[in-house]
Amino acid sequence: FLQKKRKFQLDAALAALQWNEDVPIYYLIFAIQAYRMGEISYGNEAVQQLKKLNPSIYALNQTTLNQSLQEAIRRQKFD
């Protein structure tokens, strides 16, 4: 059930991002959701776009993004 819920959240974040590609906060939301699903490459791409679009939002959320990435990496080690 949790995996299905997270997949839905990732899909919703992607849809929001696709409709709002010029709004930096959607890259942040998508990156965190991607990391939660273990989609590290998608998360990393979103982080790179966020850095380009709005370095200050990235800087304010860098710790959260790094923690989310590290958690995704840890989960992959046990899968």
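The figures follow:
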item	result
Cut-off 14 Å between beta-carbons: net charge of the residues surrounding GLN67, Lys and Arg +1, Asp and Glu -1	+2
Reach of LYS7 by Cα under 20 Å, taken over aspartates and glutamates that are not fewer than 8 positions away in the same chain	GLU39, GLU45, GLU71, ASP79
Cα-derived Rg over Rh, computed across the chain with Rh taken as Kirkwood radius	0.97
Charge dipole of the range 13-79 about the Cα centre (unit charges at C-beta), most positive-ward option of ASN66, VAL47, ALA16	ASN66
Protein-only accessible surface order, largest first, of TYR42, TYR35, TYR58 at 1.4 Å	TYR42, TYR58, TYR35
Computed lengthening from ARG74 to GLU21, 0.36 nm per intervening residue step minus Cα-Cα distance	16.1 nm
Protein accessible area in the chain, 1.4 Å probe - carbon and sulfur %	54
Mean ellipticity per residue at 222 nm, deg cm²/dmol - from DSSP H runs of n ≥ 4 across the chain, formula -39500 (n - 2.57)	-30000 deg cm²/dmol
Accessible surface, per residue, of the range 14-79 when the full set of protein chains is kept, probe 1.4 Å, Å²	65
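The values are calculated or read from the model by the stated rules, or taken from the named source; none is laboratory data. The shown structure was predicted, so the numbers you read here are calculated from the model rather than taken from an experiment. Every residue, glycine among them, receives a Cβ derived from its backbone with ideal geometry; neighbour counts consider all protein chains shown. Only protein heavy atoms, including side chains, enter the accessible area calculation; ligands, DNA and RNA are left aside. Shrake-Rupley method; radii C 1.70, N 1.55, O 1.52, S 1.80 Å.
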